[in-house]
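Have a look at the structure below, then the notes.
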């Protein structure tokens with residue numbers, strides 16, 4: 001059952017004479033209890049989109065539904081009640097720096113009308129949940145980035161929300177800390193049954209915890225589905241660019257001219273299929289040469305995706321027959337243009353930077 | 001020399017009390033009302049609270065209008081107003097009223113800028129908890145703005161000590177009045193020197209106290 005539904009949601013900003021369409025006609029459905037990811041390059045509109053869910057950003061048009069109820073026009077106490085059901089964590093943690101960790105959490109408890117006498121027990125309980133039992137009296141500045149994010153998770157969970165929104169929540173953290181925070185979020189998702197919507201430009205995050213994923217580009221959702229399917233067989237150029245960048249299936253440009261004649265093919269296969277026998281069988285059967293240029297295997301959850309870049313060469317007829325056989329036996333098959341093989345097919349050259357929030361922040365201001 | 005000591009002995013106590021009275025009253029009124037005006041400017045400008053361009057512009061223009069008058073001129077303009085309010089404008093209370101009217105818009109801008117420094121991400125986080133505007137301002141904006149706010153209060157007190165000398169010269173009393181009457185009109189350089197020293201020490205002490213307090217609330 002869908003806990004969050006976005007119907008034809010658009011968000012437009014006016015900045016002087018300029019009109020910025022940050023989100024365009026987005027339809028999205030998040031099922032109860034899942035971890036739903038939204039990925040895309042910087043400036044794709046992900047931050048704005050996730051903010052429409054708790055109405056930090058009100059859609060210019062379209063509807064936001066929570067458990068089937070239209071909340072798009074909620075105001076005053078109805079709006080605050082909606083927000084209490086939705087926790088939000090941010091890339092930059094956004095804790096109140098001049099008050100202690102405990103008081104940061106109490107802020108949310110107070111907002112949720114939790115009786116004052118229960119505060120200290122609840123703070124202790126929340127800090128225990130995120131593994132920071134002894135830190136109630138510390139100030140945020142004395143904590144590491146990972147610890148601050150744990151505090152912000154505790155604050156977001158203070159009012160027992162059904163949904164947790166994460167805006168690049170691990171993008172300011174190092175690899176190891178990212179893993180810890182993702183582990184914590186996964187535990188929260190499984191043990192507390194909290195639905196998570198997580199936006200990121202880091203595919204590492206996507207492949208580790210997302211059940212479903214939507215790919216965003218210039219305000220549009222260009223592709224969505226199960227994480228493994230989307231990343232295993234990306235259809236849209238943006239998804240392909242993200243995945244290729246991540247899986248790193250590119251040949252150094254200077255190598256391309258020295259490659260022998262033949263067709264370059266990208267094969268994708270599910271981890272459990274062994275490709276070695278297939279390749280040697282095809283090579284033998286059609287008497288073609290198959291050279292492996294690049295290979296990579298990545299795990300998405302429990303499932304693996306392999307990407308193989310091969311150069312197939314031989315007489316025309318044999319080559320065609322060999323390619324057909326390969327095509328019929330793999331999960332993804334794509335002939336690559338020799339000219340473009342040296343570069344990653346990035347659609348645009350947007351860098352995968354962590355500064356996305358800053359950019360979007362400015363466009364919202 | 002004996003004259004100087006006599007003058008100081010008979011007048012300094014009252015002059016200091018008058019100045020302290022005028023500065024204290026106008027600081028309290030300036031900070032309280034100025035903070036309210038600052039909040040009005042702040043919440044009507046912020047898209048997460050109660051954006052209202054018209055109200056923001058109207059209040060902004062009034063604040064700027066009062067602030068655009070040099071205090072010397074504002075003080076003269078206010079003489080009939082003060083007269084209407086309390087009868088005799090040439091008293092410490094008359095001075096305190098003029099100073100308060102100058103202090104409110106001054107502190108309003110100082111406090112508004114302290115509030116505006118609070119990071120917008122933090123506001124988004126606070127709004128996301130479902131807190132009311134009042135809870136956000138008291139629980140998140142104030143604690144974050146407090147260091148700048150205290151520095152603003154110090155700045156205001158020191159400015160008001162300066163302005164209080166000006167109201168002194170037109171007859172409201174206080175340390176400025178004394179400096180002009182004895183130091184300037186009667187060539188009692190000793191009195192002038194004493195007052196200069198007192199002012200320097202006073203301002204230093206206030207600044208130090210403010211800095212110490214600011215450090216305590218910054219984490």
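Only the coordinates and a few stated rules stand behind these numbers; no lab work does. The model shown is predicted, which means the values in this text are computed figures rather than measured ones. We place every Cβ from the backbone using ideal geometry, glycine too, and count neighbours over all the protein chains shown.
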Roughly speaking, what is the stretch gain from residue A:191 to residue A:15, that is 0.36 nm per residue apart minus the C-alpha to C-alpha distance, in nm to one decimal? 59.0 nm
If you fit an axis through the alpha-carbon atoms of helix B:92-116 and take the longest principal axis of the Cα set of chain B, what angle between them do you get, 0 to 90°, nearest 10? 30 degrees
Given the options B:169, B:35, B:132, state which has the largest fluctuation in a GNM of chain B using a 10 Å cut-off (strictly under) for Cα springs. B:132
What's the extension gain from residue B:55 to residue B:205 if we count 0.36 nm per residue and subtract their Cα-Cα distance? 50.1 nm
At a Förster distance of 35 Å, what's the computed FRET efficiency of residue B:218 paired with residue B:6, Cβ-Cβ distance as r, to 0.05? 0.15
Calculate the spin-label point distance for residue A:289 paired with residue A:125, positioning each point 7 Å from the Cα along the beta-carbon direction, and give it in nanometres. 7.0 nm
Suppose each label sits 7 Å from its Cα in the direction of the beta carbon; what would the residue B:47-residue A:329 distance come out to in nanometres? 5.6 nm
What number, in percent, do you get for the relative contact order of segment B:19-166 if the mean sequence gap of Cα pairs under 8 Å and at least 6 apart is divided by its residue count? 37 percent
If you project the alpha carbons of the protein assembly as shown onto the principal axes, what extent comes out on each, in Å, largest first? 121, 55, 45
The protein assembly as shown, helix-only ellipticity at 222 nm - DSSP H runs n ≥ 4, -39,500 (n - 2.57), divided by all residues, nearest 500: -17000 deg cm²/dmol
Under the definition of partner shielding as Cβ atoms of other protein chains within 10 Å of a residue Cβ, what is the mean value for peptide A:97-110? 4
When only Cα pairs under 8 Å and 6 or more residues apart are kept, what is the percent relative contact order across chain A? 19 percent
Given springs between every Cα pair under 10 Å in a Gaussian network model of chain B, which of B:19, B:54, B:129 has the largest fluctuation? B:129
Which residue fluctuates most in the GNM of chain B (Cα springs below 10 Å): B:73, B:157, B:170? B:73
Between the alpha-carbon centers of segment B:25-94 and segment A:92-109, tell me the distance in whole angstrom. 34 Å
With a point put 7 Å past each Cα toward its Cβ, work out how far residue B:193 is from residue B:169 in nm, to one decimal. 2.3 nm
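Per-residue Cβ counts within 10 Å, from other chains only, averaged over B:109-122: what number is that?
Counting other chains' Cβ atoms within 10 Å and averaging over B:109-122 gives 2.
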Give the angle, between 0 and 90 degrees and rounded to the nearest 10, that separates the Cα long axis of helix B:2-45 from the longest principal axis of the Cα atoms of chain B. 20 degrees
Label point 7 Å beyond Cα of residue A:70 along Cβ direction - residues of segment A:12-31 with amide nitrogen under 13 Å: none
What whole number of Å gives the distance from the Cα centroid of segment A:143-220 to the Cα centroid of segment A:58-88? 21 Å
On C-alpha positions alone, give me the angle between the axis of helix A:175-192 and the longest principal axis of chain A, in degrees, nearest 10. 70 degrees
Could you compute the FRET efficiency for residue A:60 and residue B:117, with r as their C-beta to C-beta distance and R0 at 22 Å, rounded to 0.05? 0.15
